[in-house]
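Since the structure comes first, as structure tokens, the remarks are kept for the end.
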Amino acid sequence: MARPASVSVLVGSLRSNSLNGMMAKVLMSLSPSSMKLDIVEIGQLPLYNQDFDANPPSQWTAFRQRIKSADAVLFVSPEYNRSVPAALKNALDVGSRPYGSSVWDRKPGAIVSCSPSAIGAFGANHHLRQSLVFLNVPILQQPEAYIGHADKLFDERGELVNDGTRKFLGQFMEAFASWVERTRP
């Protein structure tokens, strides 16, 4: 049996007990054995500044190495003002620089957006897709995952309580595993 694909999970919300953090943990628990998922923290990354490319902060170097060594990446994000959270955009920028050295290039990915709103962070999901196209990240197209009313999906321990959502997320993770297998370099 081949080694499991390593998947870096980036959570756009930095809030402790965030819905997206809970969603990431559920996705990890539903992941097929062909994948090994690990959350990569992004809140500690200093803002990208080209002045530091020659002598990057240690947090940038560690982050870039973690993403570079992964076979794929899974983004789990809320929507802030119809876009991605600043911390997630900063992580994209840090990983894409210096120019010509992007750690994102050809790394298969998927997006799950999650929100208390009915539209499930649709705007953030598509805004993130737009950036990932430029970064040459082949993104899973179907199934799309816009998880609305997420504030009603978890109990007080952060456990998913909706069986229909659990089934959909399991199918999503199976599709992502197949996508990674077909597209990873």
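Collect the residues in the stretch 58-77 that are touching a residue at least 40 places away in the same chain (Cβ under 8 Å) and out of contact with any helix residue (DSSP H, G or I) (no Cβ under 9 Å at 6 or more places or on another chain), keeping them in residue-number order. Passing the criteria: 66, 69, 70.
Residues of the stretch 49-73 being in a loop (DSSP other than H, G, I, E, B) and either open to solvent by 60 Å² or more (accessible area, probe 1.4 Å) or touching a strand residue (DSSP E or B) at 6+ places or on another chain (Cβ under 7 Å) (or both), which ones?
Let us first name the residues in the stretch 49-73 that are in a loop (DSSP other than H, G, I, E, B), namely 49, 53-57, 70-71.
If the condition is that a residue be in a loop (DSSP other than H, G, I, E, B) and either open to solvent by 60 Å² or more (accessible area, probe 1.4 Å) or touching a strand residue (DSSP E or B) at 6+ places or on another chain (Cβ under 7 Å) (or both), then 54, 55, 70, 71 are the ones that fit.
Inclusion of residue 107 among residues that are in contact (Cβ under 8 Å) with a residue 12 or more places away in the chain and assigned to a helix (DSSP H, G or I) is not warranted.
Selection of first residues in the stretch 123-136 that are in a helix (DSSP H, G or I) and of second residues that are open to solvent by 20 Å² or more (accessible area, probe 1.4 Å) and of a type in the set (Gly, Ala, Ser), restricted to Cβ pairs under 7 Å at least 6 apart or on distinct chains, gives the following pairs, ordered by first then second residue: 123/83; 124/83; 127/83. Looking across the stretch 144-185 at every residue that is at pLDDT 95 or above and of a type in the set (S, T, N, Q), the one that is nearest to residue 118 (Cα to Cα) is identified as 165. Could we say that residue 182 is part of a loop (DSSP other than H, G, I, E, B) and open to solvent by 90 Å² or more (accessible area, probe 1.4 Å) here? So residue 182 does not fit the description; no. Being open to solvent by less than 60 Å² (accessible area, probe 1.4 Å), part of a loop (DSSP other than H, G, I, E, B) and hydroxyl-bearing (Ser, Thr, Tyr) holds for only one residue in 13, 6, and it is 13.
Of the residues making up the stretch 28-48, those that are under 20 Å from residue 12 (Cα atoms) and surrounded by fewer than 14 Cβ atoms within 10 Å (Cβ to Cβ) number 5.
Among residues of the stretch 110-121 being assigned to a loop (DSSP other than H, G, I, E, B) and of a type in the set (Ser, Thr, Tyr), the one that is least open to solvent (accessible area, probe 1.4 Å) is 115. One residue stands out among those in the stretch 39-94 that are over 13 Å from the mean Cα position of the chain (by Cα) and of a type in the set (Val, Ile, Thr): the one that is farthest from residue 132 (Cα to Cα), which is 61. Checked against the criterion of being over 19 Å from residue 185 (Cβ atoms) and either surrounded by 22 or more Cβ atoms within 10 Å (Cβ to Cβ) or at pLDDT 95 or above (or both), the candidates 103, 137, 133, 76 yield just one match: 76.
The values are calculated or read from the model by the stated rules, or taken from the named source; none is laboratory data. Bear in mind the structure is a predicted one, so any value in this text is a computation, not a measurement. Here the Cβ is made from the backbone with ideal geometry for all residues, glycine too, and neighbour counts use every protein chain on show. These accessible areas exclude ligands, DNA and RNA; they are computed on the full protein's heavy atoms, side chains included. Shrake-Rupley method; radii C 1.70, N 1.55, O 1.52, S 1.80 Å.
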